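The structure appears below as structure tokens.
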Amino acid sequence: MGSVQIQCTRCKNVFRDRAARLQDGYSRQCPSCEVVLFFAEDSQHPFVKRAMRNARKVRKELREAEAVRRAAPEPRSREFAGRTQSAGRED
Ligand SMILES: [Zn+2]
């Protein structure tokens, strides 16, 4: 989770990269043939388009998972609130 498949436009090798990095303007080398792949929103290449579409989808899923996690209560960080001691008797 958090990574997407990328297919090299030259050697067709499939590798993975993090969805968070795969955004408009990103570039990286293919680990197999070392060609530099450029990722742009307006790319016409089907491999690049597919990778960017998948990355967007994964980022959306991560954001939603994060929102759910933040909304859920954290039982371990519960503080000792409301433990007020009754005042002692006054003389
Ligand atoms: Zn390649």
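How much net charge surrounds residue 21 when only the other residues with a Cβ under 13 Å from the Cβ of residue 21 are counted, with Lys and Arg +1 and Asp and Glu -1?
+3
List every residue whose amide H lies under 5 Å from the amide H of residue 40, counting only residues 5 or more places away in sequence or on a different chain, with H placed 1.01 Å from N in the peptide plane.
25
With a 1.4 Å probe and all protein chains kept in place, how much accessible area does residue 49 have, in Å² rounded to the nearest 10?
Counting only protein heavy atoms, residue 49 exposes about 100 Å² to solvent.
Please name whichever of 48, 13, 62 sits farthest to the positive end of the charge dipole of segment 3-66, dipole taken about the Cα centre and charges placed at Cβ: Lys and Arg +1, Asp and Glu -1.
Positive-end residue among those listed: 13.
As a test of reading the structure, rank 24, 17 by solvent-accessible area (1.4 Å probe, protein chains only), most first.
Largest accessible area first, the residues go 24, 17.
Excluding residue 8 itself, what net charge comes from residues whose Cβ is under 13 Å from its Cβ, given Lys and Arg +1 and Asp and Glu -1? The partial results should precede the final answer.
Values: positive: 10, 12, 16, 28, 50; negative: 17, 34.
Summing Lys/Arg as +1 and Asp/Glu as -1 gives +3.
Work out from phi, with θ = phi - 60° and the Karplus expression 6.51 cos²θ - 1.76 cosθ + 1.60, the ³J(HN,Hα) of each residue of segment 29-38, listed in order in whole Hz, and give x for Gly and Pro.
Taking θ as phi minus 60°, the curve returns 8, 5, x, 8, 9, 6, 6, 8, 9, 10 Hz for segment 29-38.
The values are calculated or read from the model by the stated rules, or taken from the named source; none is laboratory data. All values reported here derive from a predicted model rather than from experimental measurement. Because the Cβ atoms are built from the backbone with ideal geometry, glycine has one as well, and the counts that use them run over all protein chains shown. For accessibility, only protein heavy atoms count, side chains too; no ligands or nucleic acids. Shrake-Rupley method; radii C 1.70, N 1.55, O 1.52, S 1.80 Å.
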